[in-house]
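Report on the structure given below.
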């Protein structure tokens, strides 16, 4: 091959033959030009890779500052090496978000009703715990609560705070005043009286049991006492059915059993009614 390349050749302009040295020099120059072109291409590729690494580093820094609570759990974006000798085929895996995508609805506005105070405050605390990065500052929590006040509660906030940006207190201090104004301490004596007066009457056992559970939790009574009160509040029909069965060990077992019995009694009454429809009589 080299022998063929080294054969004397005619120049394009002079028509004279080249010496072997000139032929070798020309071929070496062509190879050098080719190498320089490759180096320029690799340099350009390296510059592109460095720019990509810089953008990835900025994106990683932004994500960590925007979602600090999830940076430890999320996958780290490692920049690729800056110096590359040749381009490589890289398969990129899809980036998956590890923070919660669940959006909680805002709590209904609190109008100052003491009976709704605990539920309203619970819903606000759920918001704070669900998005701690949004409520990192005390002023943000205070602003959120005040923004969900209305009527008397909003009147209290307007009188208490002259500025909507500088509350001049911590969240704990605000919460203490907020509770003092609207929190109604539970009187277990009154709750016990309400519990003793409650009756199933015409309601379903399932519906009655919801109210009973709420009043039972406020009373502080033990399970044995609550079971006796619960049975006493049921309709005579359910009491008769329970009298034929073994005593339930817990209040929840008793409630579930009573609901099942009531559902079966209603189903049986519906079945009898479909088999024996009422006879209509017509006046002459």
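The values are calculated or read from the model by the stated rules, or taken from the named source; none is laboratory data. All values reported here derive from a predicted model rather than from experimental measurement. Note that we place each Cβ from the backbone using ideal geometry, even for glycine, and neighbour counts take in every protein chain shown.
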Report task. Look at residue 152 and say whether it is part of a helix (DSSP H, G or I) and under 27 Å from the mean Cα position of the chain (by Cα). Result -> no
Query - Residue pairs meeting the criteria (Cβ under 9 Å; at least 6 apart or on separate chains; first in a helix (DSSP H, G or I), in the range 28-47; second surrounded by 10 or more Cβ atoms within 10 Å (Cβ to Cβ) and modelled with pLDDT under 80) - result: 42/84; 42/87; 45/84; 45/87; 46/82; 46/84
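One line per residue, one yes/no per condition, for (1) surrounded by 12 or more Cβ atoms within 10 Å (Cβ to Cβ); (2) in contact with a helix residue (DSSP H, G or I) (Cβ under 7 Å, 6 or more places away or on another chain); (3) at pLDDT 90 or above:
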| residue | (1), (2), (3) |
| --- | --- |
| 149 | yes, yes, yes |
| 169 | yes, no, yes |
| 194 | yes, yes, no |
| 198 | yes, yes, no |
| 206 | yes, yes, yes |
| 209 | yes, yes, yes |
| 216 | yes, yes, no |
| 219 | yes, yes, no |
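Residue by residue, here is whether (1) modelled with pLDDT of 90 or more; (2) at positive phi; (3) touching a helix residue (DSSP H, G or I) at 6+ places or on another chain (Cβ under 6 Å) holds:
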{"residue": "50", "(1), (2), (3)": "no, no, no"}
{"residue": "57", "(1), (2), (3)": "no, no, no"}
{"residue": "63", "(1), (2), (3)": "no, no, no"}
{"residue": "71", "(1), (2), (3)": "no, no, yes"}
{"residue": "86", "(1), (2), (3)": "no, no, no"}
{"residue": "105", "(1), (2), (3)": "no, no, no"}
{"residue": "114", "(1), (2), (3)": "no, no, yes"}
{"residue": "137", "(1), (2), (3)": "yes, no, no"}
Query raised in the report: Can residue 21 be described as at pLDDT below 50 and in a helix (DSSP H, G or I)?
Result: no
Report summary line: Taking the range 243-262 and keeping only residues that are surrounded by 12 or more Cβ atoms within 10 Å (Cβ to Cβ) and in contact with a helix residue (DSSP H, G or I) (Cβ under 8 Å, 6 or more places away or on another chain), one is left with 248, 250, 251, 254, 255, 257, 258, 259, 261, 262
Query raised in the report: What is the one condition in (1) assigned by TED's automatic domain parsing to the domain that holds residue 118; (2) part of a helix (DSSP H, G or I); (3) modelled with pLDDT of 90 or more that residue 159 does not satisfy?
Result: (3)
